[in-house]
1. Give me the distance in nm between label points sitting 7 Å out from Cα along the Cα-to-Cβ direction at Arg103 and Thr166, one decimal.
2. What is the dipole size for the chain, taken about its Cα centre, with +1 at each Lys and Arg Cβ and -1 at each Asp and Glu Cβ, in debye to the nearest 20?
3. Semi-axes of the equivalent ellipsoid of the chain: what are they in whole Å, largest first, if each equals the square root of 5 times a C-alpha gyration tensor eigenvalue?
4. Please calculate how many Å² of accessible area the range 150-215 carries per residue, with a 1.4 Å probe and no DNA, RNA or ligand atoms counted.
5. Over the Cα atoms, compute the radius of gyration (one decimal) and Dmax (the largest Cα-Cα distance, rounded to a whole number) for the range 8-124, in Å.
6. Round to the nearest 0.05 the FRET efficiency obtained for His214 and Ala133 when R0 = 45 Å and r is the Cβ-Cβ distance.
Amino acid sequence: AIGLFVPRDVIRQRCANYLREGKPAQRGALLHDDDFTIVAKYQAEYRGLVQYYLLAQDVLRLDTLRWVMETSMLKTLAGKHRSTVTKMARKYKTVIGTPDGPRTCFQVTVPRDRGRKPLVARFGGIPLRRQRAAVLTDTSPIMASAKRNELIHRLLAGRCELCESTDRLEVHHLRKLADLNRRDRPDKPAWVHLMAKRRRKTLVICRNCHEDIHAGRTRTSTRN
């Protein structure tokens, strides 16, 4: 007999993304996100995989993945708030209605002003039941990524943005961009021109360049 099934290797490989030493673990890359974003990302990853295999006769096997992802999500929330998995589960656990009856899930609600509907992020609540009429787009489901901001990418480059040194990198900050146009600075040094050109209030520089800036010493930039 020919049938559609969820490959066991797929379940093992997907579970491995949320395991450490064989146990569900928190995802450090998400610890700086808010609770709404964390839950939404886990749900996006889980929902994408479930919908990909809705035609499978044994789609119920994905319940193992659901438990692993759920535990990893709760551990991530607990790590963010320095709390426990039990407290996070108690805080966000809820029951929703579905066409297949009530389902337990975890839900984060963000209220909004001016009469707008609140934002809702929910993990779980998807019935693991085969849908013979499901229409699938044959693309491999992927994990939602947490994009780093520009400053982190510049720090990871590992070079001073003034002299290209790789020694003892630091970040020079300005309170606001308007400070670059101070009238008591008629001859603007290279670092001022560079920050003004990029329209950024931060500059990744080495220790020597940082000391020169605060001491008012002029140093020629080697970067454009």
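1. 5.0 nm
2. So the magnitude is around 620 debye.
3. So the three semi-axes of the chain are 49, 21, 17 Å.
4. For the range 150-215, the solvent-accessible area averages 64 Å² per residue.
5. Answer for the range 8-124, Rg first and Dmax second: 14.9, 49 Å.
6. After rounding to 0.05, the efficiency reads 0.10.
The values are calculated or read from the model by the stated rules, or taken from the named source; none is laboratory data. Note that the structure is a prediction, hence the values are computed from the model and not measured. When we count neighbours, we look across all protein chains shown, and the Cβ atoms used for this are built from the backbone with ideal geometry, even at glycine. Please note that ligands, DNA and RNA were not included when accessible areas were found on the heavy atoms of the full protein model with its side chains. Shrake-Rupley method; radii C 1.70, N 1.55, O 1.52, S 1.80 Å.
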